[in-house]
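Here the structure is laid out as structure tokens; the discussion comes afterwards.
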Ligand code: EPU
């Protein structure tokens, strides 16, 4: 297994390019299953999570390949096995997003119920509720969700998709995809407004779907008889961009971040400016500069356009070096705090109080051996390590590889000192 050895503290400079969004690419790849023919997707990052979904898609009978320009081709002409195998879905929860499209296209699907993960229970009850509202019969069999459409196909309806923690991103994706082929009109209330859902909806419209209200919490879908394969470029990854912004800030550096849409990151930019970090927009990207003292800031994670839970850990690392106390409240995944204990091993001063963490700023972080526990927690450790004194060793780097493509090869050219080593049994 790979480990990172990260030497700090470093200064970053120059420019770094943000890749296509993992969380936009995953449901868009699933949407390709709605139509026979070959979909071609640009800017799909080469990540292990993308690889897992490719495996799942190949397993149901479709063909997946990459061309020389790294474009992803999905030929969904044949689907002979509408089945989401536990052995694949358990490795990545987003596998659940094949449920809606396969139900709509094939009329029947079995997908393994995803288990919990390091960031919480992560139920799928709202996905099931939404598909039932479209007329599906659903039951659970040996850990699999078995869904069947009525004989004449799914039926358009009005459905409220809010849950105890607000909207659901992949739940919205599933119902939206299923509704494109339903008879009549569907209205999704309390739909997720995340840019990744807007990107999915735009892709579906290219396939011939009729979706209105894109980017709002009320999506309207006029069902169509069939869709066609399409070409699409996936949006830039706002979470990767936000991670690089936090990297510039925590190392008190000036960094250009190319291929980043600040409109998708307003809440994070607002917090950065509060902390005393300069963020300037330029065509296609932004420049982040942090010099001198970092001020405190309170953060509450919320569905978009609120502060994203996927940047909570990285901003906690950043605020651990601020001048005073900050409070971070997690309202999406109240248990998503695996990084707290690891950051404390690096001399941060963090105290968890239920779904909140009190971050008492310290003057310096000190290198330590730490454990990556989930994707964003691992990114927070990389940031902390770049600011800490000494050489930090991060174990279980495969968590980072799920969402950041070769992060060391991208941060090292701008000044990071990250070495990847393969260590048996690490
Ligand atoms: N929820 C329910 N019932 C459901 C679905 C969700 O109660 O049926 C709850 C969840 O437990 C959570 C909240 O609703 O408390 C929001 O969860 P959501 O469904 O929006 O999460 P998701 O769609 O499973 C996606 C991203 C996550 C990101 C969340 C929140 C993908 C592949 N995953 O997950 O990304 O944290 O939205 O924005 O898009 C990551 O990239 O590191 C990551 C975890």
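Take residue 215 and tell me if it is touching a strand residue (DSSP E or B) at 6+ places or on another chain (Cβ under 7 Å), part of a loop (DSSP other than H, G, I, E, B), at positive phi and more than 11 Å from the ligand (Cβ to nearest atom). Spell out how you get there, then give the answer.
Working: touching a strand residue (DSSP E or B) at 6+ places or on another chain (Cβ under 7 Å): no; part of a loop (DSSP other than H, G, I, E, B): yes; at positive phi: yes; more than 11 Å from the ligand (Cβ to nearest atom): yes.
So residue 215 fails the test.
Looking at residue 221 and the list (1) farther than 22 Å from residue 39 by Cα; (2) part of a strand (DSSP E or B); (3) within 26 Å of the chain's Cα centre (by Cα), which single condition is not satisfied?
Single failed check for residue 221: (1).
Give the number of residues within the range 34-51 that are at pLDDT 95 or above, within 16 Å of the ligand (Cβ to nearest atom) and outside any loop (DSSP other than H, G, I, E, B).
Number satisfying all stated conditions: 3.
Answer with yes or no whether residue 236 is surrounded by 15 or more Cβ atoms within 10 Å (Cβ to Cβ), within 16 Å of the ligand (Cβ to nearest atom) and at negative phi. Write out each step before concluding.
Values: surrounded by 15 or more Cβ atoms within 10 Å (Cβ to Cβ): yes; within 16 Å of the ligand (Cβ to nearest atom): yes; at negative phi: yes.
Here the answer is yes, as residue 236 does meet what is asked.
Taking the range 112-127 only, how many residues are more than 7 Å from the ligand (Cβ to nearest atom), under 18 Å from residue 169 (Cα atoms) and over 17 Å from the mean Cα position of the chain (by Cα)?
Here the count works out to 2.
Just wondering, is there one or more residues in the range 148-162 that are within 21 Å of residue 205 (Cβ to Cβ), more than 16 Å from the ligand (Cβ to nearest atom), in a loop (DSSP other than H, G, I, E, B) and out of contact with any strand residue (DSSP E or B) (no Cβ under 8 Å at 6 or more places or on another chain)?
No, that holds for no residue.
Which of the residues that make up the range 94-107 are over 14 Å from residue 32 (Cβ atoms) and in contact with a helix residue (DSSP H, G or I) (Cβ under 8 Å, 6 or more places away or on another chain)?
Residues satisfying the conditions are 94, 95, 96, 99, 103.
Of these, 348, 384, 360, which one is closer than 23 Å to residue 329 by Cβ and in contact with a helix residue (DSSP H, G or I) (Cβ under 6 Å, 6 or more places away or on another chain)?
Exactly one residue qualifies, and that residue is 384.
Residue check: is residue 214 at pLDDT 95 or above, in the same structural domain as residue 168 (by TED's automatic domain parsing) and surrounded by fewer than 22 Cβ atoms within 10 Å (Cβ to Cβ)?
Details: at pLDDT 95 or above: yes; in the same structural domain as residue 168 (by TED's automatic domain parsing): yes; surrounded by fewer than 22 Cβ atoms within 10 Å (Cβ to Cβ): yes.
Yes: the conditions hold for residue 214.
Taking helices (runs of 4 or more DSSP H) that fall entirely within the range 325-426, which contain at least 1 residues that are away from the ligand (no atom under 15 Å from the Cβ), under 18 Å from residue 312 (Cα atoms) and in contact (Cβ under 8 Å) with a residue 60 or more places away in the chain?
Ranges flagged: 375-387.
Kindly indicate which of 179, 201, 229 is in a helix (DSSP H, G or I), more than 16 Å from the ligand (Cβ to nearest atom) and within 30 Å of residue 148 (Cβ to Cβ). Steps first, please.
Values: 201 fails: more than 16 Å from the ligand (Cβ to nearest atom); 229 fails: in a helix (DSSP H, G or I).
Of 179, 201, 229, the one residue that is in a helix (DSSP H, G or I), more than 16 Å from the ligand (Cβ to nearest atom) and within 30 Å of residue 148 (Cβ to Cβ) is 179.
Residues in the range 165-173: is at least one touching a residue at least 12 places away in the same chain (Cβ under 8 Å) and over 25 Å from residue 336 (Cα atoms)? Spell out how you get there, then give the answer.
The initial filter retains those residues of the range 165-173 that are touching a residue at least 12 places away in the same chain (Cβ under 8 Å), namely 165-173.
Those left that are additionally over 25 Å from residue 336 (Cα atoms): none.
No, because not a single residue in the range 165-173 is touching a residue at least 12 places away in the same chain (Cβ under 8 Å) and over 25 Å from residue 336 (Cα atoms).
Please work out if residue 172 is at pLDDT 95 or above, surrounded by 24 or more Cβ atoms within 10 Å (Cβ to Cβ) and outside the structural domain of residue 336 (by TED's automatic domain parsing).
On the way: at pLDDT 95 or above: yes; surrounded by 24 or more Cβ atoms within 10 Å (Cβ to Cβ): yes; outside the structural domain of residue 336 (by TED's automatic domain parsing): yes.
Against the criterion (at pLDDT 95 or above, surrounded by 24 or more Cβ atoms within 10 Å (Cβ to Cβ) and outside the structural domain of residue 336 (by TED's automatic domain parsing)), residue 172 qualifies.
State whether the residues of the range 13-26 include one that is over 17 Å from residue 237 (Cα atoms), in contact (Cβ under 8 Å) with a residue 60 or more places away in the chain, away from the ligand (no atom under 14 Å from the Cβ) and not assigned by TED's automatic domain parsing to the domain that holds residue 111. Even if it seems obvious, please write down each step before you answer.
Here is the first cut: in the range 13-26, the ones over 17 Å from residue 237 (Cα atoms) are 13-14.
Checking the rest, the ones that are also in contact (Cβ under 8 Å) with a residue 60 or more places away in the chain come to 13-14.
With away from the ligand (no atom under 14 Å from the Cβ) added as a condition, the list becomes 13-14.
Right, trim to not assigned by TED's automatic domain parsing to the domain that holds residue 111 and you get 13-14.
Yes, the range 13-26 contains at least one residue that is over 17 Å from residue 237 (Cα atoms), in contact (Cβ under 8 Å) with a residue 60 or more places away in the chain, away from the ligand (no atom under 14 Å from the Cβ) and not assigned by TED's automatic domain parsing to the domain that holds residue 111.
Looking only at strands (runs of 3 or more DSSP E) that lie completely in the range 248-312, which have at least 2 residues being surrounded by 18 or more Cβ atoms within 10 Å (Cβ to Cβ) and in contact with a strand residue (DSSP E or B) (Cβ under 7 Å, 6 or more places away or on another chain)?
Details: elements: 254-258, 278-282, 285-289.
In the range 248-312, 254-258, 285-289 are the strands (runs of 3 or more DSSP E) which contain 2 or more residues that are surrounded by 18 or more Cβ atoms within 10 Å (Cβ to Cβ) and in contact with a strand residue (DSSP E or B) (Cβ under 7 Å, 6 or more places away or on another chain).
Within the range 6-22, can one find any residue that is within 22 Å of residue 243 (Cα to Cα), touching a strand residue (DSSP E or B) at 6+ places or on another chain (Cβ under 8 Å) and in a helix (DSSP H, G or I)? Let's see the steps before the verdict.
Initially, the range 6-22 is screened for residues within 22 Å of residue 243 (Cα to Cα), giving 6-22.
If we keep only those that are touching a strand residue (DSSP E or B) at 6+ places or on another chain (Cβ under 8 Å) as well, we get 6-9, 12-21.
When the remaining residues are screened for being in a helix (DSSP H, G or I), the result is none.
Checked the range 6-22: no residue is within 22 Å of residue 243 (Cα to Cα), touching a strand residue (DSSP E or B) at 6+ places or on another chain (Cβ under 8 Å) and in a helix (DSSP H, G or I).
Which condition does residue 58 not pass, out of (1) touching a residue at least 60 places away in the same chain (Cβ under 8 Å); (2) surrounded by fewer than 23 Cβ atoms within 10 Å (Cβ to Cβ); (3) away from the ligand (no atom under 16 Å from the Cβ), if it passes all the others?
Just one mismatch for residue 58, condition (1).
The values are calculated or read from the model by the stated rules, or taken from the named source; none is laboratory data. Predicted, not measured: the structure shown is a model, and the values here were computed from it. Cβ coordinates were reconstructed from backbone atoms using ideal geometry, including for glycine residues, and neighbour counts include every protein chain displayed.
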